[in-house]
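For reference, the structure discussed in these notes is given below.
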There are 2 protein chains.
Amino acid sequence: MLKESHVDVLIIGAGPSGLMCANALAGAGVDFRIIDNRPVGVAAGQADGIQPRTIEVLQSYGLAEPLLKEGAQMHLCAFYNPGPDGGIERTGRAADVTAPTARYPFKITIAQASIEALFIESLKSQGISVDRPIVPSSLEISQDPAELLDPSSYPVKVVLDHIHSSDDTPEQEIVHAKFVVGADGAHSWVRKTLGFTMDGEQTDYIWGVIDFIPDTNFPDIRNRSAIHSENGSCMIIPREGDKVRFYLQMSDKDVMDPETGRIDKQKVTAENLINTARRTFYPYIVNEPKEVDWCSIYIIGQRVASKFSKHDRVFIAGDACHTHSPKAGQGMNASMNDTHNLAWKLAQVLRGRADISLLKTYELERQKYAQDLIDFDREFSALFSGKPRTSENQEGVTHEEFLSAFQASGGFSSGIGVHYMPSAIVDTIHQGSASNIIIGERMLPQMFVRAADARPTEIQDMLPADTRFKLLFFVGLLTSEQLTKVRRLAEELELPTSFLQKYNFPAQGKAQSTFDIISIAAGHKDDVNFLDIPSTLRTHWSKVLIDDTDVTGRLGGGAYPRFGIDEKEITIVVVRPDGYVGMIAPSTALESMDKYFGSFLIGKTLNREA
Amino acid sequence: MLKESHVDVLIIGAGPSGLMCANALAGAGVDFRIIDNRPVGVAAGQADGIQPRTIEVLQSYGLAEPLLKEGAQMHLCAFYNPGPDGGIERTGRAADVTAPTARYPFKITIAQASIEALFIESLKSQGISVDRPIVPSSLEISQDPAELLDPSSYPVKVVLDHIHSSDDTPEQEIVHAKFVVGADGAHSWVRKTLGFTMDGEQTDYIWGVIDFIPDTNFPDIRNRSAIHSENGSCMIIPREGDKVRFYLQMSDKDVMDPETGRIDKQKVTAENLINTARRTFYPYIVNEPKEVDWCSIYIIGQRVASKFSKHDRVFIAGDACHTHSPKAGQGMNASMNDTHNLAWKLAQVLRGRADISLLKTYELERQKYAQDLIDFDREFSALFSGKPRTSENQEGVTHEEFLSAFQASGGFSSGIGVHYMPSAIVDTIHQGSASNIIIGERMLPQMFVRAADARPTEIQDMLPADTRFKLLFFVGLLTSEQLTKVRRLAEELELPTSFLQKYNFPAQGKAQSTFDIISIAAGHKDDVNFLDIPSTLRTHWSKVLIDDTDVTGRLGGGAYPRFGIDEKEITIVVVRPDGYVGMIAPSTALESMDKYFGSFLIGKTLNREA
């Protein structure tokens, strides 16, 4: 008799993508299980760059602090190019993050193991652990259309093999799942089982990577540095503690077996990589390291999966659906953001609050992003791997070309530029009501002060990834005329026909209410009375903000003009549970709001009929 | 046979003062024991205000974060006075913290139990706990002058009674201690045993205090509010979560037994206090609370102990040596800062690195501070307890008088104004070299960027309370001429005769080295090469700073002019282990530095002779 069980979500793979998914579902109180085929997580090396937007996302789960403390931070990027004497010389330093709205104006580097540990600790505190080592051996999806459309059905059957030791026959079990997330890496078994292809090209740039504590007189050893030398290119990535990572361009003769024409892994030694570095760094000195943490080699390949989902029941995420070069620091970020996008949608569908069609937006949003990312990566990698322009090589890449590509790519390389296209959950009809809060992009960070106690508060910290839609009511400057409008709006919202009543289910266990309300007034902290905001728009004293500076005058203020919001109107900004702006509307367009939420949420009446 | 033991430091009392002492000594690796006569710590109520300077101090022990997260923050103070219709009305709001250099421009309120838990957790992580319940029953100090001057002797004998249950005879033990710290509260047994008196007066203001979750239409319920009404005064202190504390002026008839003329504790009920509040708040409404957390009553008494130390072997700290009114939020702050001042001195003497005479500076510095504090408190309490000026009462206190006293007292009420007078450890001879860094006051907070990686860094975060003297080398603008001067200074400091060599003992176990070196250059992050700083002044890549803004231009910069330091000179600022500036000198006055450290540190040669 095989062991047989049911679960709402089965996550296959406990890397950053699978763990982000698990942690988000755990927070939402979803029934799930996470398995991995490795007996333990990664040790050294692997992906390590955290983009500014990913820091914001981790912060929305309360997980950014350890990274901010323990990781290395890259604030500057230094550029080195061949000098007149043949050695490299610094062309300049520039801000590493060029996205002006980044809340964290730097990137973090930290071992992938530390990222995974963050999630694993968070899960552990909720009594959840990764089941390992377990290998899935078959996956079947029901072909019955009615079953596929019924969110309470278990249409996916997965057979799992529990590995005990290399000798034993694995113990098998059958899991019936409502949904499966395949976050099982670049060689994804789930992807192959579904028959999805990886589309794109393998380029012929070969790169070595080495992590170690350097002993050098190179002055930018603690900055990200892009070195173009006549002996090859190198990217320096400072790491936590005193470590650094070098990405080194390798020539064929360094790493190829001349007979087979294939990479000879025997040739990829720390010594070999350090010797390559020495040639690149001339005239700077890189001494033999006492100890090398990790080294590896790779050939850049940029590819995207043909599909990200099968019947909106089995999804793939992370490296399973996109691979790219590590130098732009993208991999782990895109992976975590895939499941950050997916998890709240699964939670709302499983709670019966959203229609199952909501899940279509996962592939829609994330596949397009992956494709854009790959296109960017291909261009950036080519520039970086290309020869520098010198007097002998007039075809080479100039520093200006490289710097301008570097700076233009700020939105991508920071993750801040992610922009989701119009869909059921992205409605741009009233973009003009807050012209600088871009619908489809993440809500801009901004400091406000709380009306009741003048405590400076970052709006992003009021947008936790807790599956709630945040309704930001920009109530304007509270003149008596405006207050009358605000009270009238509150009354309208109290009507049973208003979207707020129709779609707002109260909290139940770990499942939060559907909406959270934050009111933001213009005005001055010395005058505003938070009790003037009607109780419908003031669910707690801490949830009324003012667009004013703090007591020092150094934090906050200026949000209304910055966002392009009129102080004499009432403007509602809908922030999705993942922090992206889904809709904006003036208070006079509540019917637009109703239509927006009605397009993917299940209303109370509808629910009663069901 | 009585159990008998030896310990370097015996701490009597595990309130905030004793626990601060214990935590600091534990971090320094000092052999100590902490006892308390209560079976458990405080539950509700008690002191709860944390001043901006105390937040800085707790941050220097790595303990501020939980407070910043969990505590309520007071950014504004609101002032209410009698209006024309007899009820109160708001006169205005103002910043609660008026000290312009405060790193944290607010006060925190949190239960005393939470503060104690911070220290207890920190001790627990180091394997240390409070011995309780234990009552000291006798204390004797040797009269032998030689023994008293020998830091390795155990001249204090304390008999301790271990309390098991009320019936049992306590089990006794004898402890021989090198030093004893009496942090045993306002009714200090240690103080009485030493025969020190408490000097000062009992005033006749009677105040009630009540902690509860309010239901009110008073618009400043989440701000600190000073209410002067014709029916008495009230101070509102917002607390963590939704709680608030009211301090209410009580009239004799509210609380006195008319026959005995003494306070009748039976009359001090929550109901009684809420009724008093209702009269004071009119026309605002305060509804009957569902639940009251804690309430109490006190008569203000401001007193200071006649002495803080006996033979520099037994010290008293905290409420044992000063009592004052709670409304200015002073008590717990002064208490913790007493032992913060004492602990590093004990550690250095016990290590044999400082002369025992260093301990004299404890009474010198803290008794004067306590006296100043009491004088301030007496004045402030009188103003606050006085009747407000109205048309009927022309003798009353005007709002302007109160506000101006409130703002003038910013240095005191924030704790930022603490200023230690010249002594062995405060040498003002070269004050002119950095005219705005006041010798005897705490080192000013200031953002810099690290030279190696442009990471913005608060200088106070590089001044942990780790018993090291921090030497800040302001090396100026690194022209080639200036670099020559810097290199020459480094060479001088390498000479065996320099103070840096004579007094800098290396780290040993938990005992840190005597000095820590931080170099701070003027200049721009795009140009400075951190490797230009000679290795004597660059002990790690992270310890070279630049006086420049971060990549966003929002943090840092301008420190040289702000501090009054010349970019063309080299200026050395000595920060004591407790964060206070002990000495400043130009690089041309190394003999002054030698003299300063020689006046209380034991040099290597001297040590060899011993």
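The values are calculated or read from the model by the stated rules, or taken from the named source; none is laboratory data. Since this is a predicted model, take the numbers as computed values, not measurements. Methodologically, a virtual Cβ is constructed for each residue, glycine included, from the backbone with ideal geometry; neighbour enumeration extends over all protein chains shown. With ligands, DNA and RNA removed, areas are computed over all heavy atoms of the protein, side chains included. Shrake-Rupley method; radii C 1.70, N 1.55, O 1.52, S 1.80 Å.
Using all pairs of distinct alpha-carbon atoms, the Kirkwood hydrodynamic radius of segment A:267-344 works out to 15.8 angstrom.
Less than 5 angstrom separates the built amide H of A:ARG442 from those of A:VAL581, all sequence-distant by 5 or more or on a different chain. Excluding same-chain neighbours fewer than eight residues apart, the lysines reachable from B:LYS485 by a Cα-Cα span under 16 Å are B:LYS568.
Cα-based values for the protein assembly as shown, radius of gyration first and Dmax second, are 33.5, 111 Å. For chain B, the fraction of alpha-carbon pairs lying more than 35 Å apart is 45 percent, rounded to a whole number.
Taking every residue in A:102-109 and counting other chain Cβ atoms within 10 Å of its Cβ, the average works out to 2. Computed on the Cα trace of segment B:80-201, the radius of gyration divided by the Kirkwood hydrodynamic radius gives Rg/Rh = 1.17.
Using the Karplus relation 6.51 cos²θ - 1.76 cosθ + 1.60 with θ = phi - 60°, the per-residue 3J(HN,Hα) values for segment B:24-29 come to 5, 5, 4, x, 8, x Hz, with x marking Gly and Pro. Note on A:215-223: average number of Cβ atoms from other chains within 10 Å of each residue's Cβ is 4. Straight-distance candidates among the lysines for linking to B:LYS510, with alpha-carbon spacing under 16 Å and chain neighbours fewer than 8 residues away dropped: B:LYS345.
Pairing chain A with chain B buries about 3100 Å² of accessible area. This figure sums both sides and uses a 1.4 Å probe. State the Cα centre-to-centre distance between segment B:511-526 and segment B:415-470 in whole Å. When both Cα centres are located, 12 Å separates them.
Note on B:ASP257 and B:GLU89: their simple-model spin labels are 4.5 nm apart, each label 7 Å out from Cα toward Cβ.
To the nearest 500 deg cm²/dmol, what mean residue ellipticity at 222 nm is calculated for chain A from DSSP H runs of n ≥ 4 alone, each contributing -39,500 (n - 2.57), summed and divided by the residues? Calculated at 222 nm, the ellipticity per residue is -8000 deg cm²/dmol.
Per the Debye formula on identical point scatterers at the alpha carbon atoms of segment A:417-551, with no solvent, log10 I(q)/I(0) at q = 0.10, 0.11, 0.18, 0.20 Å⁻¹ is -0.36, -0.44, -1.20, -1.41. DSSP finds beta bridges in chain B, and of those with both partners inside it, around 70 percent are antiparallel. Each residue of segment B:68-80 is assigned a 3J(HN,Hα), and the resulting list reads 5, 7, 8, x, 7, 10, 9, 9, 10, 10, 9, 10, 10 Hz, derived from the Karplus form 6.51 cos²θ - 1.76 cosθ + 1.60 (θ = phi - 60°), x at Gly and Pro. Measuring nothing but how far apart in sequence close Cα pairs (under 8 Å, 6+ apart) lie, relative to its length, segment B:342-421 scores a relative contact order of 20 percent. Put simply, when B:129-142, A:172-185 are sorted by average Cβ atoms within 10 angstrom per residue, most first, you get A:172-185, B:129-142. Taking a 29 Å limit on the Cα-Cα distance, which of the listed pairs A:LYS307/A:LYS387; B:LYS360/B:LYS604; B:LYS3/B:LYS307; B:LYS310/B:LYS502; A:LYS310/A:LYS543 fall beyond it? Those over the limit are A:LYS307/A:LYS387; B:LYS3/B:LYS307; B:LYS310/B:LYS502; A:LYS310/A:LYS543. Over segment B:355-489, all Cα pairs binned in 10 Å intervals from 0 give whole-percent P(r) values of 9, 24, 28, 19, 13, 6, 2, 0, listed from short to long. Of the peptides B:412-418, A:477-483, A:521-527, B:359-365, the order by per-residue mean of other Cβ atoms within 10 Å, starting with the highest, comes out as B:412-418, B:359-365, A:521-527, A:477-483.
Stokes-Einstein diffusion of segment A:548-610 at 10 °C, 1.306 mPa s viscosity, Kirkwood radius from Cα pairs, rounded to a whole number: 110 µm²/s. Solvent-accessible area assigned to carbon and sulfur over the protein assembly as shown amounts to 50 percent, based on a 1.4 Å probe.
In nanometers and ordered shortest first, the copy-to-copy spacing of the B:GLU140 label point, defined 7 Å from Cα toward Cβ, is 9.0. Put simply, the amide H of A:GLY92, placed in the peptide plane, has neighbours under 5 Å in A:PHE79, leaving out anything fewer than 5 places away on its chain.
Once you have a ≥ b ≥ c as the square roots of the Cα gyration tensor eigenvalues for segment B:98-138, tell me rounded if a/c is under 1.5, and otherwise prolate or oblate according to whether a/b is larger than b/c. Judged from the Cα gyration tensor, segment B:98-138 comes out prolate (a/c at least 1.5, a/b above b/c).
Please report the antiparallel percentage of DSSP beta bridges with both residues in the protein assembly as shown, rounded to the nearest 5. Close to 70 percent. One way to sum up the overall shape of segment B:478-610 is the equivalent ellipsoid from its Cα gyration tensor, whose semi-axes run 28, 16, 15 Å, largest first. Spin-label model, B:ASP375 to B:THR197: label points 7 Å out along the Cα-to-beta-carbon direction sit 2.0 nm apart. Suppose we look only past 20 Å in the calculated P(r) of segment B:1-109. What percent of the Cα-Cα pairs does that tail hold? So the pairs more than 20 Å apart make up 61 percent of the total in segment B:1-109. With Cα atoms as the point set, segment B:502-580 shows a radius of gyration and Dmax of 14.7, 43 Å. With its label point put 7 Å out from Cα toward Cβ, B:ARG38 sits 5.0 nm from the same residue's point in the other copies, in order from shortest. Each residue of segment A:509-514 was assigned a 3J(HN,Hα) from its phi angle through the Karplus expression (A = 6.51, B = -1.76, C = 1.60, θ = phi - 60°), giving x, 7, 7, 5, 4, 6 Hz with x at Gly and Pro. Only counting protein heavy atoms at a 1.4 Å probe, give the residues of segment A:500-534, ordered by number, whose accessible area falls by 10 Å² or more when the other protein chains are present relative to the chain alone. Buried by the other chains: A:LYS525, A:ASP526, A:ASP527, A:VAL528, A:ASN529, A:PHE530, A:LEU531. Sorted shortest first, the distances from the A:GLU400 label point to those of the same residue in the other copies are 6.5 nm; each point sits 7 Å from Cα along Cα-to-Cβ.
For A:ILE34, nonlocal amide neighbours, meaning residues 5 or more places apart or on other chains whose placed amide H falls under 5 Å from its own, are A:ILE11, A:ASP131. Residues in chain A average 38 Å² of solvent-accessible surface per residue, probe 1.4 Å, ligands and nucleic acids excluded.
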